[in-house]
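A.B. asks: Quick one: structure below, then a few questions.
Coordinate-derived values only; no laboratory data. Everything quoted here is computed from the prediction, not taken from an experiment. Backbone-built Cβ (ideal geometry, glycine too); neighbour counts: all protein chains shown.
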């Protein structure tokens, strides 16, 4: 158990973290043969710190089995289009990932496996959807670790679901609760997906509604509660909307029909239970520990393996 003696689940938006590690740790850190290992080192250090600081007892590294699902692209063709390196007919598109990072992903998977950290993905879905499902099913306090504000929609004080937001770096982690979301955007977490739909998000290729920015989107949702309520008001001559707002919503009608399906994370995937996934954390022993220690030497992983093992040793 953690220091508090209470179970606590941590869900990692894994790709978000290893991209951050890759760009945050010098790429001069390499194996003897020149293979970079900065992302592997950085991710292990992140996990060691997160597990320790937030007293996680259970951990799932949520994985992008499909970082750009076709069903989302079918609805909004521009979805994440600027991040596509290669379109693959009848298969997942290839994300633009720097070669030195791509070369480290197999080792990242191996290290997570040896450390007893559950890795869970779902075909035709993103890591966000896996995190959304586990957060919705959780029966214990839950922290979702991500640099993606899309996952603010999962925040729920009543169920003790928080986001540990990494966008400002590991030295400036932000614990996002209901109050923080309201303070940032003037909407509740359960309104965040509708807010993002209206405002748009260039990082995901979501155009939003032309002429409606953050302040207007927040004000409209504050008045009408949800996108559905807003669109109902737009249809009602006495709905209280200005002619200008009606015209903007009308011009974006086709987008607004499909965007919520794209923006809302899936919360009902068929995923293994925490027990089935092996999400419970604890000391690494036997052959797995020996193999991790061997990799630390062979792959020049420095003290990162030791710090991860020490963090897991403290959970028992």
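A.B. asks: Computed from the mean reciprocal separation of all distinct C-alpha pairs, what Kirkwood hydrodynamic radius does the range 185-316 have, in Å?
C.D. replies: 18.8
A.B. asks: Quick check on the chain: of the DSSP beta bridges with both residues there, what percent are antiparallel, nearest 5%?
C.D. replies: 35
A.B. asks: In addition: Hey, how much of the P(r) for the range 1-102 falls beyond 22 Å, as a percent of Cα pairs?
C.D. replies: So the portion of pairs separated by more than 22 Å is 48 percent.
A.B. asks: Next question, about the same structure. Could you compute the FRET efficiency for residue 99 and residue 236, with r as their C-beta to C-beta distance and R0 at 51 Å, rounded to 0.05?
C.D. replies: According to the calculation, E is roughly 0.40.
A.B. asks: Contact order normalised by length for the chain, with contacts defined as Cα pairs under 8 Å and 6 or more residues apart; what percent is it?
C.D. replies: 24
A.B. asks: Taking 0.36 nm per residue of separation and subtracting the Cα-Cα distance, what length does fully extending residue 298 through residue 87 add?
C.D. replies: 72.4 nm
A.B. asks: What's the extension gain from residue 215 to residue 53 if we count 0.36 nm per residue and subtract their Cα-Cα distance?
C.D. replies: Taking residue 215 through residue 53 to full extension adds about 54.9 nm, to one decimal.
A.B. asks: How many percent of Cα pairs in the range 189-263 exceed 14 Å?
C.D. replies: Above the 14 Å cut-off, the range 189-263 has 55 percent of its Cα pairs.
A.B. asks: Most exposed first by the Cβ proxy, i.e. fewest other Cβ within 10 Å, how do 166, 306 rank?
C.D. replies: Lowest count first: 306, 166.
A.B. asks: Still on this model: Can you pull the one-decimal nm distance between simple spin-label points at residue 285 and residue 243, each 7 Å off the Cα toward Cβ?
C.D. replies: According to this spin-label approximation, the distance is 7.7 nm.
A.B. asks: Rounded to the nearest 5, what is the percent of antiparallel bridges among the DSSP beta bridges in the range 113-239?
C.D. replies: Percent antiparallel among DSSP bridges in the range 113-239 is about 50.
A.B. asks: Could you tell me the extents of the range 99-247's C-alpha atoms along the three principal axes, largest first, rounded to whole Å?
C.D. replies: Each principal axis gives a Cα extent; for the range 99-247 these are 62, 37, 32 Å.
A.B. asks: What value in Å³ per residue do you get for the convex hull of the alpha-carbon atoms in the chain?
C.D. replies: It comes to 138 Å³ per residue, whole-number rounded.
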